[in-house]
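S.K.: I'd like to ask some things about the structure below.
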Amino acid sequence: LEGKTPFTAALLLEVQRSGAACLCAMARRRPSASTACLYVGGFSGLLLRVLPAIRQSMHTWHIGRATSRPGHTYFFSIGDFGVVECEKAYKAGDDGRHGGIGNDKCQGKEQIDVAEAMAHFAAGLRPAFVLSLGDNFYDRGVKSLDDAQFRTSFEDVYARHALADVKWKITLGDHDHRGNVTALMAYTQRSPRWELDAPYYSFQVPIPGRSDRHADVVVIDSIGLEGGVDQELHATRRFREDYTDEFAGPSAGKAQWNWLEKLLEQDATKFPANAPAVRIIVAHRPVVSNVNRSRTQAERWVEKRLREILKATAAITPVLFVNGHDHAMQFLQEPGANLHYIGNGVGGMDLHSFLPAGDPDAAAEFRWGSSTLGFLVHELGPEALTSYFVDAKTRQVLHSVALAYASRR
């Protein structure tokens, strides 16, 4: 019974007691008692099978009903979503393979369906902001500050009901880097909902009911970090011919790695009084994934280096790493570390499948996944950060994961 909740432990003890009584009755050849045992055993077995679902439902019912808890702060995250204009372009013959922005995998209705689900939940949860996880515009980012995609694939799509006034904290993806990154940043001055002053940045969110505690949110640029790979790996970079040295070259990569390492550096012996309760690292590309898609050597280099930094950080402060890029919902956990990985690239683009169990490339850290369009609701409570995977079609919570805050030392 070790590790069980009191309710579960009591239920298991009752099943054990009932089973022992049944065995005794059958041993005495009491037919009526034997028949009763069959009912008791069947009911107990059924209850044990549905117990996890019951507990999950009890834990997530308020999210499913879009009802906020008093003393909690909410925010959403969504990745790989900007496809409305991409679909129009493809149908008009502006194919991304020939320099356009169209892609046959772009389905605008999918993006709109997710946006409508987000608006539904925003009405009750009132999110403080939305975290974009990159690939804001397919297939080649935007061309200029006046690109129609800002309106057709962002403003018009996410101006629904309670979502209309929510600010978006933007992350850059590889498809964004194929276009005009300067225009993406400049749009911050044009739209009150779009926040991207720099390719990478950080901000703090207060922990509800804890005036002395906060969460650190660190938004990084995966493609910019990749600029720092060893020289011989530059030729392996995806879309390398479309990137600019200003934002994705060697100097840009070195500068961001230095910024990130300095930002996450902590003194393990002193544990400063202003240390965050939790760190939320936001990126486009994953560090660990169980999705069935290829990775370049440059990507693997970044994954390895970033993973070591995250593990060192998690030794002091719990870390939630949230990414897009892979078009699936997934949760992975670093063994022996207070480090969670959440994949959430399901905002509208086509979906990816998972590696089958037993595949040599399957991630041992994988705990749960679903190829489903949707988004995440994140709940900052007084003691923990809980993330809820929401199915856009059914508007139900598919899975949830809680990460307890660091204790004071």
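The values are calculated or read from the model by the stated rules, or taken from the named source; none is laboratory data. Predicted, not measured: the structure shown is a model, and the values here were computed from it. All Cβ positions, even for glycine, are placed from backbone atoms using ideal geometry, and neighbour counts span all protein chains on display. These accessible areas exclude ligands, DNA and RNA; they are computed on the full protein's heavy atoms, side chains included. Shrake-Rupley method; radii C 1.70, N 1.55, O 1.52, S 1.80 Å.
S.K.: Look at the range 148-182 and say how many of its residues are β-branched (Val, Ile, Thr), surrounded by fewer than 22 Cβ atoms within 10 Å (Cβ to Cβ) and farther than 23 Å from residue 247 by Cβ.
M.R.: 2
S.K.: Another one. Regarding residue 175, is this residue in a helix (DSSP H, G or I) and in contact with an Asp or Glu (Cβ under 6 Å, 6 or more places away or on another chain)?
M.R.: Yes.
S.K.: Does residue 127 satisfy the condition of being touching a strand residue (DSSP E or B) at 6+ places or on another chain (Cβ under 7 Å) and either outside any helix (DSSP H, G or I) or buried (at least 22 other Cβ atoms within 10 Å of the Cβ) (or both)?
M.R.: Answer is yes for this residue.
S.K.: Is it true that residue 212 is acidic (Asp, Glu) and within 25 Å of residue 299 (Cα to Cα)?
M.R.: Taking the combined requirement at face value, the residue does not satisfy it.
S.K.: Anything in the range 98-124 that is open to solvent by 10 Å² or more (accessible area, probe 1.4 Å) and not in a loop (DSSP other than H, G, I, E, B)? List them, or say none.
M.R.: Answer for the range 98-124, where residues must be open to solvent by 10 Å² or more (accessible area, probe 1.4 Å) and not in a loop (DSSP other than H, G, I, E, B): 98, 109, 110, 112, 113, 116, 120, 123, 124.
S.K.: Is it the case, given these coordinates, that residue 303 is touching a Pro at 6+ places or on another chain (Cβ under 8 Å), assigned to a helix (DSSP H, G or I) and at pLDDT 95 or above?
M.R.: yes
S.K.: Looking at the structure I just gave you, is residue 308 under 19 Å from residue 360 (Cβ atoms) and not in a loop (DSSP other than H, G, I, E, B)?
M.R.: Judged against the criteria, residue 308 is not a match.
So that you can scan it fast, the table gives a plain yes or no per residue for (1) of a type outside the set (Val, Ile, Thr); (2) part of a strand (DSSP E or B):
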{"residue": "192", "(1), (2)": "yes, no"}
{"residue": "202", "(1), (2)": "yes, yes"}
{"residue": "205", "(1), (2)": "no, yes"}
{"residue": "212", "(1), (2)": "yes, yes"}
{"residue": "216", "(1), (2)": "yes, yes"}
{"residue": "228", "(1), (2)": "yes, no"}
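S.K.: Which members of the range 311-324 meet the condition of being assigned to a strand (DSSP E or B) and either of a type in the set (A, V, I, L, M) or surrounded by fewer than 22 Cβ atoms within 10 Å (Cβ to Cβ) (or both)?
M.R.: Hits for the range 311-324 are 319, 320, 322.
S.K.: Filter the range 78-89 down to the residues that are closer than 28 Å to residue 376 by Cβ, surrounded by fewer than 24 Cβ atoms within 10 Å (Cβ to Cβ) and touching a strand residue (DSSP E or B) at 6+ places or on another chain (Cβ under 7 Å) and list them by number.
M.R.: Result: no residue meets the conditions.
S.K.: With the checklist (1) farther than 25 Å from residue 87 by Cα; (2) modelled with pLDDT of 95 or more; (3) touching a Pro at 6+ places or on another chain (Cβ under 9 Å) in hand, flag the one item residue 206 doesn't pass.
M.R.: So the condition that residue 206 fails would be (3).
S.K.: Here's something else I'd like to know. Take the residues of the range 346-382 that are closer than 22 Å to residue 216 by Cα and not in a strand (DSSP E or B): which is most open to solvent (accessible area, probe 1.4 Å)?
M.R.: 382
S.K.: Okay, moving on. Look at the range 325-345 and say how many of its residues are of a type outside the set (A, V, I, L, M, F, W, C) and either farther than 14 Å from residue 133 by Cβ or surrounded by fewer than 23 Cβ atoms within 10 Å (Cβ to Cβ) (or both).
M.R.: 6
S.K.: Can you name every residue in the range 228-245 that is in contact (Cβ under 8 Å) with a residue 40 or more places away in the chain and surrounded by fewer than 13 Cβ atoms within 10 Å (Cβ to Cβ)?
M.R.: 230
S.K.: Condition test on residue 385, is it open to solvent by less than 50 Å² (accessible area, probe 1.4 Å) and over 17 Å from residue 338 (Cβ atoms)?
M.R.: It is false that residue 385 is open to solvent by less than 50 Å² (accessible area, probe 1.4 Å) and over 17 Å from residue 338 (Cβ atoms).
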